[in-house]
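Following: one structure in structure tokens, then a few remarks.
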Amino acid sequence: MLKTLSRDEVIRFYDKFGAKQDQQGFYEDAALNLMIELGRFTEAENVFEFGCGTGKLAERLLSTSLPATAHYAGTDISSTMVRLAKTRLSGFEGRTKVQKSDGGFDVSHLGGAFDRIVCTYVLDLLSPSDIKDCLAGAHAAMNKGGLFCHAGLTKGVGPISKITSSAWTLVHRINPSLVGGCRPLMLNDYLPAQQWERIHREVVVSSWIASEVVILKAR
Ligand SMILES: C[S@@+](CC[C@H](N)C(=O)[O-])C[C@H]1O[C@@H](n2cnc3c(N)ncnc32)[C@H](O)[C@@H]1O
């Protein structure tokens, strides 16, 4: 049976991990570059991010992709991450809001409706029921036609990345904390087709690690 980290275990891990999250770029950056390209952020006005981590992606979107009028809101379950993200985004005051989350997926209190919701390397640490709740919360907070932009670990596609993803899955099965709670997953397994149209899926392999980039359009 699949064992995922509890919310308390996630908080403990990411409170301690903190800024080290930014060192994961060796396998995340190529997928994030593609997600930014496909997410049409130059047309976005109201962006929300689930699990914003250190605010690295938000800073990049605000400084290079989003219009100067666009607003960004992000939440994270870890208070260390919220502190790091707030500090990092302090130069965008008036356009950004970063809040500590209780781990739930109802973000109606943040105002919405969002035209982009971003979630990178977060769904792959959630339980299957939390993934479904996260997608439902995102759908409820989003404009019709808005884009849900996901990047996360997935199963490998070539011989080497298949070996890496199988090894990663095995380590996760033995002890999820050894890999920050994350495991390779296929987002398609969790998608209610009546709510989302999948407009793009692509697997990017970097440093032998496979990530999937998925762009969903809210119906
Ligand atoms: C692997 S990190 C990825 C951080 C960031 N999105 C990135 O790509 O660098 C996972 C993040 O999700 C946060 N997280 C995990 N479960 C969460 C939940 N239920 N609600 C909000 N944040 C959560 C963690 O605290 C952590 O910052």
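Every number in this text was worked out from the coordinates using simple rules, so none of it is lab data. Just so we're clear, the structure is a prediction, and the values are computed from it rather than from any experiment. We place every Cβ from the backbone using ideal geometry, glycine too, and count neighbours over all the protein chains shown.
The share of alpha-carbon pairs in the chain lying farther apart than 29 Å comes to 18%.
The residues packed around G145, meaning those with a beta-carbon under 12 Å from its beta-carbon, carry a net charge of +2 if Lys and Arg are +1 and Asp and Glu are -1. The stretch between Q194 and S63, if pulled fully straight at 0.36 nm per residue, gains 43.7 nm over its current Cα-Cα span.
Quick one: net charge around W196, please, counting Lys, Arg +1 and Asp, Glu -1 for every other residue with C-beta under 9 Å from its C-beta.
Surrounding charge for W196 is +2.
Using a Gaussian network for the chain with springs between C-alpha atoms less than 10 Å apart, which of these wobbles most: M142, M81, M186? Judging by the Gaussian network model, the answer is M186. Counting lysine pairs in the stretch 90-219 whose alpha carbons fall under 26 angstrom apart, excluding pairs fewer than 8 residues apart on the same chain, gives 10. What residue among A113, L38, A85 has its Cα farthest toward the positive end of the dipole of the stretch 7-218, where the charges are +1 on Lys, Arg and -1 on Asp, Glu, each on the Cβ? Positive-end residue among those listed: A85.
Counted by Cβ distance under 13 Å from S101, the other residues give a net charge of -3, where Lys and Arg count +1 and Asp and Glu count -1. Packing order of peptides 109-115, 51-57, 188-194, 87-93, highest average first: 51-57, 109-115, 87-93, 188-194 (average count of other Cβ atoms within 10 Å over each peptide's residues).
Here's how it looks for E49: its modeled amide H is under 5 Å from those of A73, G74, T75, V118, which are all 5 or more places away or on a different chain. Highest mobility in the GNM of the chain, judged by mean-square fluctuation with C-alpha springs under 10 Å and restricted to T75, T96, T64, is found for T64. Under 5 Å between amide hydrogens, built in the peptide plane, is the criterion, and for H200 it picks out I215 among residues at least 5 positions away or on other chains. If you take the Cα centroid of the stretch 174-206 and the Cα centroid of the stretch 24-61, the two points sit 16 Å apart.
Working note: Karplus 6.51/-1.76/1.60 with θ = phi - 60° gives the stretch 195-209 the couplings 9, 10, 9, 7, 9, 7, 9, 8, 9, 10, 10, 9, 6, 6, 10 Hz, where Gly and Pro are set to x.
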